[in-house]
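Engineer: Next up is a structure, given as structure tokens.
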Amino acid sequence: MTTIVIIAALLFLACLTFWLNKENLRVLRRWHLHHVSNLPYRQGIEIILLSFQLCLIFGYFLFLWSKGESTSYFVSFLGQGNFDWRFFFFLILYILALIEVTMFVLIGLIEVVFKIDSRATFQKMTWLAFTKQQPLASILLLLLTTLTDAAFYFGIVHLSLREERWGFLLTVLSFAVVKACSFKGNPEKIVAFLLFLNIGIWCMVATLLYGWFVGMLLLGLTYMIISFKEQHR
């Protein structure tokens, strides 16, 4: 039953992300213009998605309480962290893999397969961009997104699907699919899916090897790189 609820929540989150990022969503643009025009439109969308994701997290706890199940194991799982010298080698390998996979996807897939300018495609992929005009809001959104994504995907989804045969794969695939829905255009969605799939695999492996806290830090480092990469937007 828990697995069905988690899959339904993931489908809902993916559909909501896809719908909110549609270009012709005039109602949402008018709402943004009249209520939160001091924030960039993309940040407004991320705040809405973040709010829904927090609601899913609280809903998960209510679901457990309604079934009479304890949440102590989930809380203790989030507190796990195991740093040792091998983690620094893991971090170096992750950064190299992130760079290499990014270059392979952009050049090998976009340039060769789709015959599209990879530089132009990459420039269109704005997500969680840091803005110099509102640095505090950008940093706060970055931190909240990191904590929420790590708690939801590498905490709730992982623990709920760990007994399933394809639990690991479903966790990283759901993470990549939902994030890919944040981008417009099919080439951008494909690139985002492959890149976030790579990120999800490495962060999930870090969570299994070194604990959730380390996986969350790795995810936060990645989000920070993405955010500051786009600070000129």
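Values quoted throughout were computed directly from the atomic coordinates according to the rules given, and no laboratory measurement underlies them. Everything numeric in this text was worked out from a predicted model, so none of it was measured. Glycine also receives a Cβ, built like all others from the backbone with ideal geometry; neighbour counts cover every protein chain displayed.
Engineer: Students often forget the sequence filter, so: which lysines lie under 30 Å Cα-Cα from K132 once same-chain residues fewer than 8 apart are removed?
Structural biologist: K22, K124, K179, K184, K189, K229
Engineer: Got a sec? How would S227, S182 order by Cβ neighbour count within 10 Å, fewest to most? Before the final figure, lay out the partial values.
Structural biologist: Details: S227 19, S182 22.
By the 10 Å Cβ count, ascending, the order reads S227, S182.
Engineer: If you don't mind, another one. Quick one: compute the contact order of the range 171-232, relative version, from alpha carbon pairs under 8 angstrom and 6+ residues apart, as a percent.
Structural biologist: Numbers: 46 pairs, mean separation 15.5, N = 62.
Relative contact order here is 25 percent.
Engineer: Compare the peptides 40-51, 188-199 by average per-residue count of other Cβ atoms within 10 angstrom and give them in order, highest first. All intermediate terms of the calculation are to be shown ahead of the outcome.
Structural biologist: Values: 40-51: 17.6, 188-199: 20.7.
For the peptides 40-51, 188-199, the packing ranking is 188-199, 40-51.
Engineer: Continuing with the same structure: Relative contact order for the chain: what is it in percent, counting Cα pairs under 8 Å that are at least 6 residues apart? It would help to have the intermediate numbers written out before the result.
Structural biologist: Values: 220 pairs, mean separation 68.9, N = 233.
The value is 30 percent.
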